[in-house]
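**Q** The structure's right below; bear with me while I get my questions together.
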Amino acid sequence: MEIPAKYDPTGIEDKWYQFWLSKKYFKSVPDEREPYTIVIPPPNVTGVLHMGHMLNNTIQDVLVRRARMQGKNACWLPGTDHASIATEAKVVAKLKEQGIEKSSLTREQFLEHAWEWKEKHGGIILEQLKKLGASCDWDRTRFTMDESMYESVIDVFIDLYNKGLIYRGVRMVNWDPRALTALSDEEVIYKEVKSKLYYIRYKVEGSADEWVTVATTRPETILGDTAVCFHPEDDRFAHLRGKRVLVPLIKRSIPLIEDEYVDREFGTGCLKITPAHDINDYHIGIKHKLETIDIFNDNGTLSSKAQLYIGEDRFVVRERIVQELLNHGHIQKIDDYINNVGFSERTDEVIEPKLSLQWFMKMTDMAKPALDVVMNDTIHFHPDKFKNTYRHWMENVRDWCISRQLWWGQRIPAYYLPGGEIVVAKSAELALVKARQLAGNESLGLADLTQDEDVLDTWFSSWLWPISVFDGIRNPDNEDIKYYYPTNDLITAPEILFFWVARMVMAGLEYRNDIPFKNVYLTGIVRDKLGRKMSKSLGNSPDPIDLINKFGADGVRVGMLLTSPAGNDLPFDESLCEQGRNFSNKVWNALRLVKGWPEDTSLAQPAYAATSVRWFDARLNEALLQIEDNFEKYRLSEALMAAYKLVWDDFCSWYLEMVKPAYQQPVDSITLKATVGYFEKLMQVLHPFMPFITEEIWHLLIERTDDESLMISQLPLAGSVDADMLADFQVAAEVVIGVRNVRKDKNIAFKDQVEMKVKSSGSDTGTGFDSVIAKLGNISAIEYVNEKPAAAAGFMIKSNEYYIPLGEGVDLEAEKEKLEKELAYTQGFLDSVLKKLGNERFVSNAKPEVVDIERQKKADAEMTIQLLKDQLSGLN
């Protein structure tokens with residue numbers, strides 16, 4: 001068949017993806033083979049593909065496809081996360097566009113809208129992953145709100161509550177005034193913000209004109225102050241012990257208290273205490289039994305307890321109260337100040353520390369064993385530098401706030417009796433049984449119970465993901481969970497190391513008594529050329545689907561992986577994808593070259609071809625060992641680069657040139673068969689990285705049946721490596737380059753044959769490659785001589801001298817002038833090296849390897865000088 005001149009991935013990618021799907025090659029069921037399992041980090045159901053997804057899922061697909069070709073039963077399980085905050089926000093926004101307020105709907109009505117939205121928009125990202133070539137078992141797709149997944153979450157909540165690990169209490173939480181929900185500490189992103197530091201004067205009660213000044217970045221919160229605090233050893237305030245001050249504007253009388261917490265060097269040395277709106281103030285308030293005044297409504301406006309500015313937004317109030325404080329002489333000064341402010345990870349709203357009645361999970365006891373399995377390398381981190389980050393988090397773990405004030409998510413299975421008592425049960429009916437027992441009242445009915453309105457944190461479902469996707473919570477002895485768990489590799493980002501990875505380890509140890517995965521590969525952040533994180537808000541992130549349409553999925557995959565070592569950020573530029581596309585074109589052109597060779601079965605194999613075949617066999621085996629070693633160390637970029645160089649440099653640039661027949665001449669059968677065989681193996685090696693073009697080429701190389709596919713063929717294994725053959729080739733390659741340089745330097749056309757004389761030192765001649773050198777250099781004869789030939793251009797490789805006799809028509813005077821210039825330059829270089837080696841201080845103080853390098857430079861320069869002198873004498 002006619003092979004197109006250019007590789008066009010457009011139709012080819014769709015063709016092969018549909019072929020793989022139709023053959024169910026991605027599907028996995030338990031059998032006698034060794035399992036290889038990856039569970040996808042479930043993207044938000046609201047999401048579309050971004051560059052981080054592209055990198056993460058390319059890596060997963062490379063590992064899964066490779067495992068499949070190693071004969072393992074590879075299962076890559078896909079799915080999406082219900083993303084309670086993000087999804088609810090999108091549904092609320094959609095309803096607003098339709099003129100519907102969430103508050104006008106019942107919970108059931110709102111959830112109908114949410115499910116409708118999910119069915120319409122959810123799963124877009126999974127369809128996009130198919131364009132990338134993701135070989136997921138799509139029949140196993142899971143969603144964290146699926147019935148089985150939902151039930152698993154509820155079962156775990158009940159179990160942990162019964163074990164005393166889940167409790168309800170009033171605590172200081174991170175409150176998102178836009179999403180109207182509490183957040184865990186890990187969902188708060190701290191950013192440096194240019195703020196102001198306001199120095200506010202509080203009048204000492206009962207004094208004529210005595211004041212205490214405090215410094216704060218949040219003047220609006222003075223309306224919730226219940227004390228002013230100083231350090232007990234700060235003599236500046238000793239005379240104020242036992243006194244009280246008046247809160248500016250509202251003149252509330254509050255005590256002056258002492259506590260070691262106060263930093264005497266910060267601000268004025270006095271600290272305003274607002275227990276309802278600062279975590280540290282909250283703890284001081286408990287210690288000193290202070291009143292707690294919550295001045296904010298849930299949406300960030302001021303409540304009636306603030307007394308002033310009721311119903312106004314907190315940031316509007318900040319501007320207004322500063323002006324009023326200035327007017328009343330309460331502000332001493334205002335400084336510019338940079339501080340860390342917490343923002344909601346989901347809504348980017350400034351977090352409000354808030355006292356709230358929430359559900360929490362105790363973490364300390366579960367954290368210890370989850371730390372141990374990482375620190376003792378039962379679970380391997382790649383790179384392992386993240387073990388220290390993990391350890392820091394786990395050793396400083398806090399109780400997890402697991403309740404969210406939302407409707408979209410797994411509703412907390414807690415029911416309240418009329419007297420406020422709590423029962424936790426899987427259904428209202430089971431809760432009623434427990435309630436009657438607890439209250440000793442059989443007349444209680446369902447109408448007497450009220451279920452908690454809150455849902456569980458999204459991460460409370462995600463932490464069960466490697467177990468629940470195989471139904472291992474509800475049915476702990478089912479065939480799937482016993483076969484696929486623990487999974488092999490988790491590919492994720494360092495920023496969710498605690499959010500997700502640590503919690504999955506805890507859940508695995510708690511519910512399977514086993515780790516959830518054996519290796520964690522941590523990707524870097526995809527950044528632009530300026531080093532900025534790629535994001536929609538900055539407008540610096542290309543659409544991955546546009547990239548695929550422009551460069552082909554294989555090109556994008558290669559581009560993403562070429563510069564993305566584990567744990568290091570990826571400086572992305574479209575030129576990387578262009579490099580990937582160019583690589584596809586290089587391989588395609590190699591196919592066209594090989595398929596264009598006519599075969600002559602009567603031809604004997606030439607010596608140059610036989611040598612070339614043996615060399616490439618050794619080089620292929622060497623590369624296979626390198627690639628395997630890189631994969632074992634999770635150095636995927638290096639593995640790809642090794643494969644890339646094997647194909648581009650060794651196969652295309654060297655081997656094919658070494659064996660290809662002369663123009664319009666046939667090739668012998670032995671060489672053609674070997675070449676096609678190598679090409680097949682190279683496609684197998686490249687397939688995990690570039691699945692589409694390799695499948696296409698594999699089918700074009702020789703005729704295949706409809707049941708054959710590259711993706712289920714066996715990955716080639718490394719054989720023995722002929723080190724001598726590889727070493728001899730290196731010499732031969734340098735000789736070929738030397739010959740080409742002489743031709744270029746002396747303007748000898750390649751079509752003109754030349755002779756070559758070799759003055760051998762008796763070793764390192766590599767004579768086995770003479771036939772290859774002769775072919776690649778268009779050399780009519782290679783002769784080994786004892787004396788340097790006259791009128792010849794030469795070069796030296798190791799200790800051997802190679803000469804190309806110059807024919808008539810060469811300007812000998814010009815040659816002499818050129819050689820004399822080169823000799824003078826080399827002599828000058830040698831003098832500078834000798835000067836350095838003659839410096840005793842350098843020789844005695846420099847590292848031995850540095851001195852050795854200089855000595856090698858000296859030896860090389862002396863050999864070159866001798867060669868140049870010999871060439872000059874030959875021209876005389």
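**Q** Within the set of pairs 6+ apart or on separate chains, which have a first residue in segment 261-282 that is more than 23 Å from Glu233 (Cβ to Cβ) and in contact (Cβ under 8 Å) with a residue 12 or more places away in the chain, a second that is open to solvent by 50 Å² or more (accessible area, probe 1.4 Å) and assigned to a loop (DSSP other than H, G, I, E, B), and C-beta atoms under 7 Å apart?
**A** Pro275/Thr292; Ala276/Thr292
**Q** Go through segment 344-376 residue by residue and tally those that are within 25 Å of the chain's Cα centre (by Cα) and at pLDDT below 95.
**A** Summing the residues that are within 25 Å of the chain's Cα centre (by Cα) and at pLDDT below 95 in segment 344-376 gives 5.
**Q** Let me spell it out: the conditions are (1) closer than 26 Å to Ala507 by Cα; (2) without any contact (Cβ under 8 Å) to a residue 40 or more places away in the chain, and Ala447 meets all of them except one. Which number is the exception?
**A** (1)
**Q** Then there's this: Suppose we filter segment 488-515 for residues that are among the polar types (S, T, N, Q) and closer than 19 Å to Asp81 by Cα; how many remain?
**A** Looking only at that region, the number is 1.
**Q** Could you figure out which of (1) surrounded by fewer than 22 Cβ atoms within 10 Å (Cβ to Cβ); (2) over 22 Å from Phe19 (Cα atoms); (3) without any contact (Cβ under 8 Å) to a residue 60 or more places away in the chain isn't true of Asp706?
**A** (2)
**Q** Against the conditions (1) in contact (Cβ under 8 Å) with a residue 60 or more places away in the chain; (2) in contact with a Leu (Cβ under 6 Å, 6 or more places away or on another chain), where does Lys660 fall short? Just the number, please.
**A** (2)
**Q** Which of the residues spanning segment 14-28 are closer than 30 Å to Phe517 by Cβ, touching a residue at least 12 places away in the same chain (Cβ under 8 Å) and out of contact with any Asp or Glu (no Cβ under 7 Å at 6 or more places or on another chain)?
**A** Tyr17, Trp20, Leu21, Lys23, Tyr25
**Q** Another question, if that's okay. From the residues in segment 311-355 that are among the β-branched types (Val, Ile, Thr) and open to solvent by less than 40 Å² (accessible area, probe 1.4 Å), which one is farthest from Ala179 (Cα to Cα)?
**A** Ile331
**Q** Here's something else I'd like to know. Taking the condition surrounded by fewer than 23 Cβ atoms within 10 Å (Cβ to Cβ), at negative phi and not basic (Lys, Arg), does Glu13 pass?
**A** Here the answer is no, as Glu13 does not meet what is asked.
**Q** Next question. Could you check Tyr663 against (1) part of a helix (DSSP H, G or I); (2) over 39 Å from the mean Cα position of the chain (by Cα) and say which number it fails?
**A** Of the numbered conditions (1) part of a helix (DSSP H, G or I); (2) over 39 Å from the mean Cα position of the chain (by Cα), the odd one out for Tyr663 is (1).
**Q** On to the next question. Every residue in segment 487-521 that is buried (at least 17 other Cβ atoms within 10 Å of the Cβ), assigned to a loop (DSSP other than H, G, I, E, B) and not hydrophobic (A, V, I, L, M, F, W, C), please.
**A** Arg512, Pro516
**Q** Looking only at segment 271-310, which residues are open to solvent by less than 60 Å² (accessible area, probe 1.4 Å), in a helix (DSSP H, G or I) and in contact with a strand residue (DSSP E or B) (Cβ under 7 Å, 6 or more places away or on another chain)?
**A** Asp281, Tyr282, Ile284, Gly285 - these are the residues of segment 271-310 that are open to solvent by less than 60 Å² (accessible area, probe 1.4 Å), in a helix (DSSP H, G or I) and in contact with a strand residue (DSSP E or B) (Cβ under 7 Å, 6 or more places away or on another chain).
**Q** Please list, ordered by residue number, the helices (runs of 4 or more DSSP H) wholly in segment 82-192 having 1 or more residues that are open to solvent by 10 Å² or more (accessible area, probe 1.4 Å) and modelled with pLDDT under 95.
**A** Filter on segment 82-192 gives 84-97, 107-121, 124-132.
**Q** A further question follows. Do we have Asp146 as of a type in the set (Asp, Glu) and out of contact with any strand residue (DSSP E or B) (no Cβ under 9 Å at 6 or more places or on another chain) here?
**A** No: the conditions fail for Asp146.
**Q** Okay, moving on. Identify, from the list Asn519, Asn513, the residue that is out of contact with any helix residue (DSSP H, G or I) (no Cβ under 6 Å at 6 or more places or on another chain), farther than 30 Å from Leu576 by Cβ, of a type in the set (S, T, N, Q) and at pLDDT 95 or above.
**A** The conditions single out Asn513.
**Q** While we're here: Please find, within segment 539-592, the residue that is nearest to Glu638 (Cα to Cα) out of those that are of a type in the set (Asp, Glu) and assigned to a helix (DSSP H, G or I).
**A** Ranking the candidates gives Asp554 first.
**Q** Something else: With the condition kept exactly as written, say whether any residue in segment 381-400 is under 31 Å from the mean Cα position of the chain (by Cα), among the basic types (Lys, Arg) and under 25 Å from Gly224 (Cβ atoms).
**A** Checked against the condition, which is being under 31 Å from the mean Cα position of the chain (by Cα), among the basic types (Lys, Arg) and under 25 Å from Gly224 (Cβ atoms), segment 381-400 yields at least one hit.
**Q** Taking Leu406 as meeting all but one of (1) within 30 Å of Tyr634 (Cα to Cα); (2) in contact (Cβ under 8 Å) with a residue 24 or more places away in the chain; (3) out of contact with any Gly (no Cβ under 9 Å at 6 or more places or on another chain), write down the number of the exception.
**A** (1)
**Q** Continuing with this model, one more query. Just to be sure before I move on: is Val685 open to solvent by 10 Å² or more (accessible area, probe 1.4 Å), farther than 21 Å from Ala642 by Cβ and touching a residue at least 12 places away in the same chain (Cβ under 8 Å) in the structure I sent?
**A** no
**Q** If a residue counts only when it is under 55 Å from the mean Cα position of the chain (by Cα), closer than 23 Å to Ser653 by Cβ and modelled with pLDDT under 90, which strands (runs of 3 or more DSSP E) contained entirely in segment 730-834 have at least 1 such residues?
**A** Ranges flagged: 792-797.
**Q** What pairs come out if I take residues in segment 600-613 that are assigned to a loop (DSSP other than H, G, I, E, B) and pair them with residues that are surrounded by fewer than 18 Cβ atoms within 10 Å (Cβ to Cβ) whose C-beta lies under 6 Å away, six or more apart or interchain?
**A** Correct list of pairs: Thr601/Ser669; Gln605/Ile670.
**Q** I'd like the residue in segment 522-540 that is of a type in the set (Ser, Thr, Tyr) and at pLDDT below 85 and, out of all such residues, is surrounded by the fewest Cβ atoms within 10 Å (Cβ to Cβ).
**A** Here the answer is Ser537.
A quick yes/no check of all residues on (1) at pLDDT below 95; (2) buried (at least 17 other Cβ atoms within 10 Å of the Cβ); (3) among the hydrophobic types (A, V, I, L, M, F, W, C):
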| position | (1), (2), (3) |
| --- | --- |
| Ala553 | no, yes, yes |
| Leu562 | yes, yes, yes |
| Ala566 | yes, yes, yes |
| Asp569 | yes, no, no |
| Phe583 | no, yes, yes |
| Leu591 | no, yes, yes |
| Lys595 | no, no, no |
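The values are calculated or read from the model by the stated rules, or taken from the named source; none is laboratory data. On a predicted model such as this, the values are computed, not experimentally measured, just so you know. With ideal geometry, Cβ positions are generated from the backbone for all residues, glycine too; neighbour counts draw on all protein chains shown. Please note that ligands, DNA and RNA were not included when accessible areas were found on the heavy atoms of the full protein model with its side chains. Shrake-Rupley method; radii C 1.70, N 1.55, O 1.52, S 1.80 Å.
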